[in-house]
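Notes follow once the structure below has been shown.
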Amino acid sequence: MPDARVPVSTVVYDALRADILSGRVRPGDGIPSERTLSERFEVNRHAVREAVKRLQQAGLVQVSHGGATRVLDWRRTGGLELLVDLPPEDVGVARAAYELRACIAADVAARAAARATDEDRASLAARAAAFAAAREHCVATDGPVSPGPALLDAYRELWDVLVDATGNIAYRLAYNSLLHGEDAVTAVAVIYLRDELLDAETTDALVAAVLDSDADAARAAAATLTAHTLTALSPTEAPSR
């Protein structure tokens, strides 16, 4: 029986989504009928219809009125929101996510430098000071090899200001999707991000560039920071869990 604390349509959606993303059902395959799914999950047909509607909105299936509902190739029809549904512990998935993050980070830094308001700059200075304090505490207590989730949180808060300073909703939504994926593997993320989190000199350079409205310097600093993590996720150098 479905968990009473979870909407029954979500139970159906999650199961079908997992089948599609894992490849257990392939592009072009039809999904079972409403009746079959109702019986399989012991739910009413309304819940099944809601689940299928969500699959359609996610670009996972195509619904043909009067015909079968068929699975699509989600790599060609899905959106960034599917990133959080892929196995984040997979190094290949993590590397893909952080490569996208590196591209976004460079643009975010440059646009924040060009567009930040006085209020944004004040917030950035405050978040940078809080991050520096968290980093010093982490190094003093945990050692530089293993920064903890508290340092990651402080770093995220710094980037939150930068993203908001761009005034670009697309960057914000993409950044949110990347964070949701990272949330699933925080313990591994802090390993991948270790050198980035502990690079005080480049973080300070990034903040100074934004405060000085130097877009080129901000872009360069962001690229240097994120390059640490891409190196950690290279096929030959990815850290073990």
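The values are calculated or read from the model by the stated rules, or taken from the named source; none is laboratory data. What you are looking at is a predicted structure, and each value in this text was computed from that prediction instead of being measured. Cβ: placed from backbone, ideal geometry, glycine included. Neighbour counts: every protein chain shown.
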Practice task
Please verify whether segment 135-148 includes one or more residues that are in a helix (DSSP H, G or I), at pLDDT below 95, polar (S, T, N, Q) and buried (at least 20 other Cβ atoms within 10 Å of the Cβ).
Solution key: no
Practice task
Please identify the pairs in which a residue from segment 207-223 that is more than 18 Å from E99 (Cβ to Cβ) has its Cβ atom under 7 Å from the Cβ atom of a residue that is among the basic types (K, R) and part of a helix (DSSP H, G or I), counting only partners at least 6 apart or on another chain.
Solution key: L211/R121
Exercise for the section: Filter segment 74-92 down to residues that are modelled with pLDDT of 85 or more and within 12 Å of R17 (Cα to Cα) and give me whichever is surrounded by the fewest Cβ atoms within 10 Å (Cβ to Cβ). Expected result: G78
